[in-house]
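Trainee: Dropping a structure here in structure tokens format, bear with me for questions.
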2 protein chains.
Amino acid sequence: MALTLKRLLVGKAKKTAQAIHERLSKKTGLAVFASDALSSTAYASEEILLVLAAAYAAGQANAFNYVVPITMVIAIVLGIVAISYRQTIFAYPSRGGAYIVAKENLGTTPGLVAAAALLVDYVLTVSVSISAGVAAITSAAQGTSLSWIDNHKVFLCLILIAFIAVAHLRGVRESGALFAGPTYSFLISFLFMVGYGIVHYFFHPVTAQASPEHLKIAEGYGLQPISLFLLLGAFSNGCVALTGTEAISNGIPAFKQPESKNAATTLTWMAILLATMFVGTSVMAYLYKVQPHENETVISQFARIIFTGPMGWFYYVIQATTALILVLAANTSFADFPRLASLLARDRFVPRQFATRGDKLVFSNGIIILAIFAGVLVVSFGGDTSRLIPLYAVGVFLSFTLSQLGMVRHWLKAGRAGKKLKSEEATDSSAKLANSIILQEAAHWKKSIVVNGLGALATAVVLVVLVITKFIHGAWIVVVLIPLLVALFRAIHRHYVDVATQLTTEGFQKLRPITHEVIVPISGIHRGVLKALEYAKAIAPGHVTALYINLDEEATQKLRTKWSEWTEGVELIVIASPYRSLVGPLVRYVDRRISLSPDKMVTIVLPEFIPSKWWHHLLHNQTSLLLKGALLFKPNVVVTSVPYHLKH
Amino acid sequence: MALTLKRLLVGKAKKTAQAIHERLSKKTGLAVFASDALSSTAYASEEILLVLAAAYAAGQANAFNYVVPITMVIAIVLGIVAISYRQTIFAYPSRGGAYIVAKENLGTTPGLVAAAALLVDYVLTVSVSISAGVAAITSAAQGTSLSWIDNHKVFLCLILIAFIAVAHLRGVRESGALFAGPTYSFLISFLFMVGYGIVHYFFHPVTAQASPEHLKIAEGYGLQPISLFLLLGAFSNGCVALTGTEAISNGIPAFKQPESKNAATTLTWMAILLATMFVGTSVMAYLYKVQPHENETVISQFARIIFTGPMGWFYYVIQATTALILVLAANTSFADFPRLASLLARDRFVPRQFATRGDKLVFSNGIIILAIFAGVLVVSFGGDTSRLIPLYAVGVFLSFTLSQLGMVRHWLKAGRAGKKLKSEEATDSSAKLANSIILQEAAHWKKSIVVNGLGALATAVVLVVLVITKFIHGAWIVVVLIPLLVALFRAIHRHYVDVATQLTTEGFQKLRPITHEVIVPISGIHRGVLKALEYAKAIAPGHVTALYINLDEEATQKLRTKWSEWTEGVELIVIASPYRSLVGPLVRYVDRRISLSPDKMVTIVLPEFIPSKWWHHLLHNQTSLLLKGALLFKPNVVVTSVPYHLKH
């Protein structure tokens, strides 16, 4: 029945040979890998405003004006990160994920820190994106007869997460066909809204109506005046716009040839589009004086203002495409998390089950775990995007920093290798080719160090700001969690290495013959017992003993009389049990047999009848289970049940 | 660790031979067997008042006056039942329980109905007595600084139930030493209270102060005038006074010789004492105009009135002895329920585990189940005695009726046997002795039928009144439950009979030699696998096949190369698994082997390494568990794990 349910949910299994590989053009590549990064424009500006609202509520009417300069600074950081990652794309054309780059260049621990940060980040991407997507839907419902769905946000989130997880278990791939439509619809409608909105403002300079009673302030911020700390807090919140920037560098092999060049161009385009949309959103919020509202997103608010009259329908296009791209962004994590977990499993840092491909060739366990963790987060934080944000960016910027630092180290090595090479002479042609690659990298190692070094510095500074300003608002959770995860990875690794050492065949001689004997504990004589005795005689002719625990003198006498009738060649041993225990005397007898000849294997053959209905198990003593439990940890003891199947 | 906890709770195990049998005098017999019946005087009068309160609250000021006549009628029924049971005691001197009497004389189904009724009754005795005992304690706390314990009644009940259950698991016996003190303290202080109270009234005719806002009315009764139905309802409630009357007839063998005579005398005394105390309580309630109160029992109320000044301390004696005897009454069920369950288990109507004696020679499973059911009832009904009462008496009177009807049938048979005997002549002396017993019974069969018939009639009428007046107040639960239990008993019986038929050795030949082969599924070559192969060769020399599922061509090639190094004489079979499943291909292979020679046994030897820490299990694929599950239901297949113990 469980199997039927699985088939219904997951569909038919795929053969291993059915794995297909699709190559992406720049256009579809942008759609597939940029949805995560672009979608963050749906909430990044609003997260800045939420912090500034603390000063606005404290009486500083111009507090919201800071949104534009803060956005500009974040856009500059975005530029630096993008340029820095372009270099990673060329240096690691096969797979440039933070885990690999940090592990190869900085060592295992930094690699594991990056991996832990990324795993946490993927979980948060799902929770944050789905919460924001649901917010786009519930905002559109504000003021209509559907406004009650605002009370069921968490439920909606869980439904969406389950839906995406099942889609991935069914083998949905990150195909261009799936992503192109929603991503480009979002891009075009969003850019249109920004352009239309700015033009519209100069003809109709209306502003949003303030509703102080619904003003939303970032959780953990009381009323307070503008201060450097407050502005840094707003900046930190806005940095979520950068999440997802690294996605393209993880997916280079999926691009058409020349892969690295195409990927790099796509990354540049993504950064430009993201910066434009992000700055555009903040400018719109500034122009229309939009304030964060408890039950409606900022984008929904100004979209309502500018799309009126005959353009009214376009408001719904904006909300729909926003919700859709946010769901796609969560979708991306469902591809990335299982992939990274499988890499870690292959390196033996997480349970090996994460490296097993399911029926549809996907890493099912990773998908399921991600869905569970994301679901727990959504429930814990009430499906509220802004409460999740303080946890979000720490992992992202930690992996950025480690990845960039790894690149700096990479270029240092490349420079040293180049210097060494110049002083030697290549002898054969293959060595010449290898040398030429090294020399090519070495040629620009100084310039490259500066670029990646700047990237590392910028992201490290942001990381420090993030941790300081968001620590008490939730970042501490991630700060505590990442070292714990690394310690767990290490413990798991130690165990696997230890098991491999213990199981190694080195120093092992050829298969040796072993001596063995069989003990059959019996509760009387019935067909099940006779079948077990037949089996015992077959596996150890001449070495079978039947063991009976004497609980009742009368029954024992009966058994003795009956014994010779049936059981030639099997010795019957009767043990007294003054305390009516079955397991204790039996275990003691087995111990005695083992101590007599420590090299011998002892097999306990248990006659066990298998009822045809599950509830019948309740009607029979579960002595064999107890026996198995008691004997499980004894070396040289094997417990075998010989089943006797009851018919009804 | 579980064992340590068990030893701490239950104490050291007892040897089977340690079972001791104590014989009771009439005095101690009264203490041991009458506590249940006598204790019901603590709440029976109050339960009558609770129903009459519906009329009082409706404005009929004299409603409570009916309590005395109703009590008189119940006392008459008690007399009839006691006289009727005296006959049972002489006719069934070994064990006169309703289950036995009904089964022997009326057939299995009436016997099972009586058994089901008794089991339900025992559970309710525990819940009702403990709730009433706790009410005695919380009543005493009224108006003191301890009055807050009234809010923790349920918790107190559960603590007491757990305490009694553990005492029984530790092997507490129904010893005279344990019972004599509390029972006689209760008897003496209670009778003193009744006598003192009546005398006191003629010198100080005070009455209780009515507190209409705290007046308690039986649940399910609205305000209504006096009617026949209401009076019958009050009568039904009062009939709980008869519960426990049958206890002595279940325990005849515990009395000193002559057992039956001593038991019968004790029963007479018990009935007289019970009637006196019950009528006395009702008279006191009438004289002092006590009304049922939400937070205080009726007895506590008039005890407070009469014991004032220098006698004030005696109020606490009354409350303490009442609480104690109620706890003892619950204690009685903890002896009776497991005993009846073990009888049913020996007759194969309930799971045989109920017939197993635990470490202290008690039927542990019965004790545990009773504690759980009673605990559930207490929680469901909020520890409120009066809410449990409508469920209580139905089971009791059902078993009374069946037992008396069984006796009627018994006398009919005795009469017929006597008539037949008179027409014959006894030949030898032993037959003469048997005949004399039959003739002795037959001599008074007509008179006996009248007595037991009157008992059956009286209890049957009460039963009908009970079911009608209490049906919607909770009696329906018992009316539905008893047939369900009987159906369950029958289904269990059918299963056991069926298993016995299937397992019979009849028609079975001597042990036959069987042919068998071994299949060892392997995931590679490591020490655990080599150990499994050694074992496999030992149990089936020359018939061992190793089975490898090919998931990865490269790993398979490696294995093939390594194979011959280690494993002479073992054939390696590699199976393709296009869908990456391990279990499916293996099961199909086994099926093929079996279909080739259906008589052969196939043993699957699984190499299994046993981690030293429990959490390590999470780090390894649980394929062997899945395999065991998949192969469990195949005939002629035996699954054996050969453990390889990891050290750390």
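Every read-out reported here was derived from the displayed coordinates using simple, explicitly stated rules and does not represent laboratory data. These figures come from a predicted structure and were not determined experimentally. Glycine also receives a Cβ, built like all others from the backbone with ideal geometry; neighbour counts cover every protein chain displayed.
Trainee: Could you give the spread of the C-alpha atoms of region A:187-308 along their three principal axes, from largest to smallest, in whole angstroms?
Mentor: Largest to smallest, the principal-axis extents are 56, 37, 24 Å.
Trainee: May I pose another question? Go from 0 up to the bin containing the longest alpha carbon distance in chain B, width 20 Å each, and give me the % of pairs per bin.
Mentor: With 20 Å bins starting at 0, P(r) equals 16, 38, 23, 18, 6, 0.
Trainee: Next up: Normalising by the residue count of region B:465-545, find the relative contact order in percent from Cα pairs under 8 Å and 6+ residues apart.
Mentor: Numbers: 25 pairs, mean separation 17.8, N = 81.
Here the relative contact order equals 22 percent.
Trainee: Taking 8 Å as the Cα distance limit and 6 or more residues as the minimum spacing, I'd like the relative contact order of region B:575-648 as a percentage.
Mentor: Working: 70 pairs, mean separation 30.8, N = 74.
Relative contact order of region B:575-648: 42 percent.
Trainee: Once you place label points 7 Å from the Cα toward the Cβ at A:Lys422 and B:Val206, how far apart are they in nm?
Mentor: It is 11.5 nm.
Trainee: So the label point sits 7 Å from Cα along the Cα-to-Cβ vector; using that for A:Ser423, what distances do you get to the other copies, in nanometres, sorted shortest first?
Mentor: Going from nearest to farthest copy, the values are 13.2 nm.
Trainee: Moving on to the next point. With +1 on each Lys and Arg Cβ and -1 on each Asp and Glu Cβ, how big is the dipole of chain A about its Cα centre, in debye rounded to the nearest 20? Walk me through the numbers on the way to the answer.
Mentor: On the way: 55 positive and 35 negative charges, 340 e Å.
Using Cβ point charges on Lys, Arg, Asp and Glu, chain A gives about 1640 debye.
Trainee: List the extent of the Cα atoms of region B:516-645 along each of their three principal axes, largest first, rounded to whole Å.
Mentor: Over region B:516-645, Cα extents along the principal axes are 40, 33, 33 Å.
Trainee: List the distances, in nm and shortest first, from the label point of A:Gln622 to the matching label points in every other copy, placing each point 7 Å from Cα along the Cα-to-Cβ direction.
Mentor: 1.5
Trainee: Let me ask you something else. Taking each label point as 7 Å beyond Cα in the direction of the beta carbon, state the distances from A:Pro541 to the same residue in the other copies, shortest first, in nm.
Mentor: Result, one decimal in nm: 0.9.
Trainee: Which whole-Hz ³J(HN,Hα) couplings does region A:61-75 yield from phi under the Karplus relation 6.51 cos²θ - 1.76 cosθ + 1.60, θ = phi - 60°, glycine and proline marked x?
Mentor: Per-residue couplings from phi come out as 4, 8, 4, 5, 5, 5, 4, 5, x, 4, 4, 4, 4, 4, 4 Hz.
Trainee: Using the alpha carbon gyration tensor of the protein assembly as shown, what are the three equivalent-ellipsoid semi-axes (square root of 5 times each eigenvalue), largest first, in whole Å? Kindly include the intermediate steps, with their values, before the conclusion.
Mentor: Details: eigenvalues 1147, 492, 122 Å².
Largest first, the protein assembly as shown gives 76, 50, 25 Å.
Trainee: Please report, in cubic angstrom per residue, the volume enclosed by the convex hull of the alpha-carbon atoms of region B:1-130. List each step's numbers first, then the result.
Mentor: Values: hull volume 29.8 nm³, N = 130.
Each residue corresponds to 229 Å³ of Cα convex hull volume.
Trainee: Could I ask something else about it? Which order results if A:Glu608, B:Glu104, A:Glu47 are arranged by neighbouring Cβ count within 10 Å, fewest first?
Mentor: Numbers: A:Glu608 18, B:Glu104 15, A:Glu47 26.
The most exposed by this proxy come first: B:Glu104, A:Glu608, A:Glu47.
Trainee: Give me the inter-chain shielding for B:348-356: mean count of other chain Cβ atoms within 10 Å, whole number please.
Mentor: Mean number of neighbouring Cβ atoms from other chains: 2.
Trainee: Next up: Sorting A:Ser399, B:Ser364 on the 10 Å Cβ count, fewest up front, what's the list?
Mentor: Values: A:Ser399 27, B:Ser364 21.
In increasing order of surrounding Cβ atoms, one gets B:Ser364, A:Ser399.
Trainee: To continue, here is another question. Mind checking B:491-499 for the average number of partner chain beta-carbons within 10 Å of each residue's beta-carbon? Present the calculation step by step, with values, prior to reporting the outcome.
Mentor: On the way: counts 2, 4, 0, 1, 9, 3, 0, 6, 10.
Mean shielding count: 4.
Trainee: Please rank A:Glu553, B:Glu534, fewest neighbouring Cβ atoms within 10 Å first, as an exposure proxy. Please list the in-between numbers first.
Mentor: Values: A:Glu553 10, B:Glu534 20.
Starting with the residue having the fewest Cβ neighbours, the order is A:Glu553, B:Glu534.
Trainee: FRET efficiency for B:Phe163 and B:Ile188, Cβ-Cβ distance as r, R0 = 35 Å, nearest 0.05? Please report the intermediate quantities before stating the final value.
Mentor: Details: r = 26 Å, r/R0 = 0.73.
Rounded to the nearest 0.05, the efficiency is 0.85.
Trainee: Step through the residues of region B:408-418 one at a time and calculate ³J(HN,Hα) from phi using the Karplus curve (6.51 cos²θ - 1.76 cosθ + 1.60, θ = phi - 60°), rounding each to whole Hz and writing x for Gly and Pro.
Mentor: Rounded to whole hertz, the list is 4, 4, 4, 5, 4, 4, 4, x, 5, 4, x.
Trainee: How big is the antiparallel share of DSSP beta bridges in chain B, given as a percent to the nearest 5? If you can, show how the numbers build up before the last one.
Mentor: Values: 1 of 26 bridges.
Around 5 percent antiparallel, to the nearest 5.
Trainee: What are the ³J(HN,Hα) values, in whole Hz, obtained from phi via the Karplus relation 6.51 cos²θ - 1.76 cosθ + 1.60 with θ = phi - 60°, for each residue of region A:566-571 in sequence order, with x given for Gly and Pro?
Mentor: Each residue of region A:566-571 in turn: 9, 10, 5, x, 10, 6 Hz.
Trainee: Right, another one. How high is the relative contact order of chain B, in percent, counting Cα pairs under 8 Å that sit 6 or more residues apart?
Mentor: Working: 948 pairs, mean separation 132.8, N = 648.
Relative contact order comes out at 21 percent.
Trainee: Next up: Given a Förster radius of 51 Å and the C-beta distance between A:Thr4 and A:Ala555 as r, what FRET efficiency does 1/(1 + (r/R0)^6) yield to the nearest 0.05? Numbers along the way, then the final one.
Mentor: Numbers: r = 46 Å, r/R0 = 0.91.
That gives a FRET efficiency of 0.65.
Trainee: Same structure again: Counting only other chains, and only Cβ atoms inside 10 Å, what mean value do you get across the residues of B:529-540? It would help to have the intermediate numbers written out before the result.
Mentor: Working: counts 2, 7, 6, 1, 1, 7, 7, 1, 4, 10, 11, 2.
Per residue, the number of nearby Cβ atoms from other chains is 5 on average.
Trainee: Using only DSSP helix segments of four residues or longer, with each worth -39500 (n - 2.57), what per-residue ellipticity at 222 nm results for the protein assembly as shown after dividing by its residue count and rounding to 500? Spell out each step's value before the answer.
Mentor: Numbers: 44 runs with 824 residues, N = 1296.
Dividing the helical sum by the residues of the protein assembly as shown leaves -21500 deg cm²/dmol.
Trainee: How much length would be gained if the chain were fully extended between A:Leu433 and A:Lys27, taking 0.36 nm per residue of separation minus their Cα-Cα distance, in nm to one decimal?
Mentor: Working: separation 406, 0.36 × 406 = 146.16 nm, distance 3.35 nm.
Extra length available between A:Leu433 and A:Lys27 comes to 142.8 nm.
Trainee: Show the residues, 5+ positions off or on another chain, whose built amide H is closer than 5 Å to the amide H of A:Tyr644.
Mentor: A:Glu608, A:Phe609, A:Ile610
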